[in-house]
Amino acid sequence: MNGDRQLEWLRREGRIVIVGASLAGLRAAETLREEGFAGSLTVIGDEPYEPYDRPPLSKQVLLGKATSDRTTLPRRRDPDAKWRLGVAATGLDMAAGRVKLADGDEVPYDRLLIATGVRARPWPNEREAELDGVFVLRTCDDAARLHSRLKQGPRRVLVIGAGFTGSEIASACREQGIEVTVAERGAAPLVGALGGVVGDVAAQMQREQGVDLRCGVMVTSLEGDSTGRVRSAHLSDGAEVEADIVVVSLGATRNTEWLAGSGLGAGPRGIACDAGCRAFDIRGIVTDDIFVAGDVARSPHPLFGYQFLSLEHWGNAVSQAEIAAHNMVSAGSDRRPHMWVPAFWSSQFGVNIKSVGVPSLGEEILVAQGSLAERRFTGVYGYQGRVIGAVTFDQSRWLPFYQHLIETTAPFPLPFATVDRRSDGKRPIPADFPDPSVPTHGPTVTLSGYSPADRQLVFTPGR
């Protein structure tokens, strides 16, 4: 069968399997039908729920403004799929074209899309993680349990980690009048994503809202009482914080373990794929029947030096799923690259924070509009003489302009005047991102398997 006839057959009666029943999986399924795919479509998910929206979990759900079971994603159309929910994928046989499931079943495919996303990184001490009152926040079940406990009026909540999710949890606590301590290993909240200059603004914001913010410290252990309920946490500076609830917010782990031994180029940093979303095998050869989308994917981006980026962004999951689905049922000449410009938003302590591009690549930041002191500003990040990212605090209407600058590789510092330029923005200053060589809670050793002698992936978490 030649290529054209094979593609025609695939579109008419082929078998497509999507592993991952979340945002990316749903949008890919819908797009496949919109593209005219008429064959069988199976969507596999380890949770027993239909695809739901995660951003409200750390905001509206914790505040009691929505229940976790009301976050189901709206559907653009009926994807006419067979849903295998509540059963995890446990293995992949690339040669036979089959996905192995936890219930012993195997699902054959002609095209496979992997959209397994990430999960919350747990507290590294398993015994302490099992204490009553220790939570993570990733799923709707996590949000429902945490909200239920917050309603009981804890004396104090300890949040470990001051990234976006940890900061949003702290914000939700303060909005409900709950005392909260945040322990952050870095110098300030959000410092890994937005740098120290913006992190200092976030720190001031948290402290003014009553957060007991402890930066530059680690939580070394959790302690429970005689009933097995968490009682306190010990910090690296010798302090002890008493808390009824501990929320571990140490980032995410990509769901790739089920692909171990499959021959696919998958590891702790995700699944490598080309700009067309086709997965690489462990030898670096691109496959043509396995595609990747969403948080679990790592793909090169021409605007950012062709670095392989893993983007845990809502918009990226949608865009990449649509591109992957289109390419799965299209001839090579009709395929499209995934070149979505990263974007992110967060709402915390009454401030709307949005970013575009990759600020964490920035060497310097220029406050192009507004004022840091007023916490209403636009910060522009520069890398090697060009604009690489931007962040706004309550000034999101300007972001499309800066996205255009990123897309057109505009020079940095900006060679033109901007509206509402203050004394803060006379010249760029170091963006003050943490030294990436300093160990964190993330992986410290990752052997990616690129060497023929090193095909075993080893993950060593930071201590």
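The values are calculated or read from the model by the stated rules, or taken from the named source; none is laboratory data. Since we're looking at a predicted model, the values are computed, not measured. No Cβ is skipped: glycine too gets one built from the backbone with ideal geometry, and neighbour counts run over all protein chains shown. Note: areas computed on protein heavy atoms with side chains; ligands, DNA, RNA excluded. Shrake-Rupley method; radii C 1.70, N 1.55, O 1.52, S 1.80 Å.
Rundown of residues vs (1) farther than 30 Å from Val61 by Cα; (2) crowded, with 19+ Cβ neighbours inside 10 Å, yes/no style:
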| site | (1), (2) |
| --- | --- |
| Ala321 | no, yes |
| Ser355 | no, yes |
| Ala373 | yes, no |
| Val387 | yes, yes |
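Quick one: which strands (runs of 3 or more DSSP E) sit completely within region 106-166 and have at least 1 residues that are crowded, with 19+ Cβ neighbours inside 10 Å and of a type in the set (Ser, Thr, Tyr)?
none
Can you confirm whether region 359-370 contains a residue that is under 30 Å from Asp110 (Cβ atoms) and under 17 Å from the mean Cα position of the chain (by Cα)?
The answer is no; no qualifying residue exists.
Name the residues in region 186-196 that are outside any loop (DSSP other than H, G, I, E, B) and surrounded by 24 or more Cβ atoms within 10 Å (Cβ to Cβ), would you?
Answer for region 186-196, where residues must be outside any loop (DSSP other than H, G, I, E, B) and surrounded by 24 or more Cβ atoms within 10 Å (Cβ to Cβ): Val191, Leu194, Gly195.
Taking the criterion of being assigned to a loop (DSSP other than H, G, I, E, B), within 30 Å of Asp103 (Cα to Cα) and in contact (Cβ under 8 Å) with a residue 12 or more places away in the chain, would at least one residue in region 229-252 satisfy it?
yes
How about region 167-185: which of its residues are in a strand (DSSP E or B) and not hydrophobic (A, V, I, L, M, F, W, C)?
Selection gives Thr181, Glu184.
Which number in (1) under 20 Å from Phe344 (Cβ atoms); (2) surrounded by fewer than 24 Cβ atoms within 10 Å (Cβ to Cβ); (3) not hydroxyl-bearing (Ser, Thr, Tyr) marks the one condition that Ala170 misses?
Going through (1) under 20 Å from Phe344 (Cβ atoms); (2) surrounded by fewer than 24 Cβ atoms within 10 Å (Cβ to Cβ); (3) not hydroxyl-bearing (Ser, Thr, Tyr) one by one, Ala170 breaks only (2).
Determine whether region 53-68 contains at least one residue that is open to solvent by 80 Å² or more (accessible area, probe 1.4 Å) and either touching a residue at least 24 places away in the same chain (Cβ under 8 Å) or within 25 Å of Asp289 (Cβ to Cβ) (or both).
Looking through region 53-68, none of the residues is open to solvent by 80 Å² or more (accessible area, probe 1.4 Å) and either touching a residue at least 24 places away in the same chain (Cβ under 8 Å) or within 25 Å of Asp289 (Cβ to Cβ) (or both).
Each row is one residue, and each column tells you yes or no for (1) touching a Ser or Thr at 6+ places or on another chain (Cβ under 6 Å); (2) over 20 Å from His326 (Cβ atoms); (3) open to solvent by 20 Å² or more (accessible area, probe 1.4 Å); (4) touching a residue at least 40 places away in the same chain (Cβ under 8 Å).
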residue	(1), (2), (3), (4)
Leu26	no, no, no, yes
Val43	no, no, no, yes
Glu47	no, yes, yes, yes
Asp80	no, no, yes, yes
Trp83	no, yes, yes, yes
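Mind checking whether some residue in region 215-227 is of a type in the set (Ser, Thr, Tyr), open to solvent by less than 10 Å² (accessible area, probe 1.4 Å) and in contact (Cβ under 8 Å) with a residue 12 or more places away in the chain?
no
In region 1-93, which strands (runs of 3 or more DSSP E) lie fully inside it and hold 3 or more residues that are of a type outside the set (D, E, K, R) and at pLDDT 95 or above?
Because the criterion is at least 3 residues that are of a type outside the set (D, E, K, R) and at pLDDT 95 or above, the strands (runs of 3 or more DSSP E) in region 1-93 that meet it are 15-19, 40-45, 89-93.
May I ask you to verify whether Val380 is open to solvent by less than 50 Å² (accessible area, probe 1.4 Å) and over 16 Å from Asp424 (Cβ atoms)?
The answer is no for Val380.
Based on what the data block shows, is Phe377 under 18 Å from Trp398 (Cα atoms) and modelled with pLDDT of 95 or more?
In short, yes.
Just give me the residues in region 259-277 being more than 30 Å from Val219 (Cβ to Cβ) and either open to solvent by less than 10 Å² (accessible area, probe 1.4 Å) or outside any loop (DSSP other than H, G, I, E, B) (or both), in sequence order.
Leu259, Leu264, Ala266, Ile271, Ala272, Cys273, Cys277
Among the numbered criteria (1) without any contact (Cβ under 8 Å) to a residue 24 or more places away in the chain; (2) outside any loop (DSSP other than H, G, I, E, B); (3) over 16 Å from Pro359 (Cα atoms), which single criterion is violated by Asp424?
Unmet condition: (1).
Exactly one condition in (1) open to solvent by 10 Å² or more (accessible area, probe 1.4 Å); (2) modelled with pLDDT of 95 or more; (3) not aromatic (Phe, Trp, Tyr) is false for Pro300; which is it?
(2)
Which of the residues that make up region 278-295 are surrounded by fewer than 24 Cβ atoms within 10 Å (Cβ to Cβ) and under 25 Å from Leu10 (Cα atoms)?
Those that are surrounded by fewer than 24 Cβ atoms within 10 Å (Cβ to Cβ) and under 25 Å from Leu10 (Cα atoms): Arg278, Phe280, Asp281, Ile285, Val286, Thr287, Asp288, Asp289.
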